[in-house]
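Engineer: Just passing along the structure, written as structure tokens.
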Amino acid sequence: MSKDIQQIISSAVGGKVGISLIRDPASGDVRYSVCYESRALFWQSKHRFQEIEHAQAAALALGDFLGARITI
């Protein structure tokens, strides 16, 4: 099975998918966001998850699509 172009590129630039913790300083509430990082780029999703399990599922799906290493 051959890799798609986004998987080839992500692998070449060392792409990683992970989860960022975002804390509201006023209320102390915690939200989670999926992020992608490579040698040249850092991207963080605008979507916020209340449950870590939802963020993990999103990170796994993004990592599978991109062929990136998943660091959760």
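Engineer: If you check Lys3 against the conditions, is it open to solvent by 60 Å² or more (accessible area, probe 1.4 Å) and either at pLDDT 95 or above or within 19 Å of Ile72 (Cα to Cα) (or both)?
Structural biologist: no
Engineer: Run down Ser20, Ser38, Ser33 and say which single residue is modelled with pLDDT under 95 and of a type in the set (Gly, Ala, Ser).
Structural biologist: Only one candidate passes the filter, namely Ser38.
Engineer: I've got another one for you. Identify all residues within region 31-41 that are closer than 23 Å to His54 by Cβ and out of contact with any Asp or Glu (no Cβ under 8 Å at 6 or more places or on another chain); write none if there are none.
Structural biologist: If the condition is that a residue be closer than 23 Å to His54 by Cβ and out of contact with any Asp or Glu (no Cβ under 8 Å at 6 or more places or on another chain), then Ser33, Val34, Cys35, Tyr36, Glu37 are the ones that fit.
Engineer: On to the next question. Scan region 48-72 for residues that are touching a helix residue (DSSP H, G or I) at 6+ places or on another chain (Cβ under 9 Å), modelled with pLDDT of 95 or more and open to solvent by 80 Å² or more (accessible area, probe 1.4 Å) and report the count.
Structural biologist: Total satisfying the criteria: 1.
Engineer: Of all residues in region 11-43, count the ones that are within 11 Å of the chain's Cα centre (by Cα) and open to solvent by 70 Å² or more (accessible area, probe 1.4 Å).
Structural biologist: 3
To keep it simple, each residue is scored yes or no on (1) part of a helix (DSSP H, G or I); (2) aliphatic (A, V, I, L, M); (3) out of contact with any Ser or Thr (no Cβ under 8 Å at 6 or more places or on another chain).
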{"position": "Ile8", "(1), (2), (3)": "yes, yes, yes"}
{"position": "Ser11", "(1), (2), (3)": "yes, no, yes"}
{"position": "Ser27", "(1), (2), (3)": "no, no, yes"}
{"position": "Trp43", "(1), (2), (3)": "no, no, yes"}
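The values are calculated or read from the model by the stated rules, or taken from the named source; none is laboratory data. Quick caveat, the model's predicted, so the values are computed rather than measured. With ideal geometry, Cβ positions are generated from the backbone for all residues, glycine too; neighbour counts draw on all protein chains shown. To get the accessible areas, we keep the full protein, side chains included, count just its heavy atoms, and leave off ligands, DNA and RNA. Shrake-Rupley method; radii C 1.70, N 1.55, O 1.52, S 1.80 Å.
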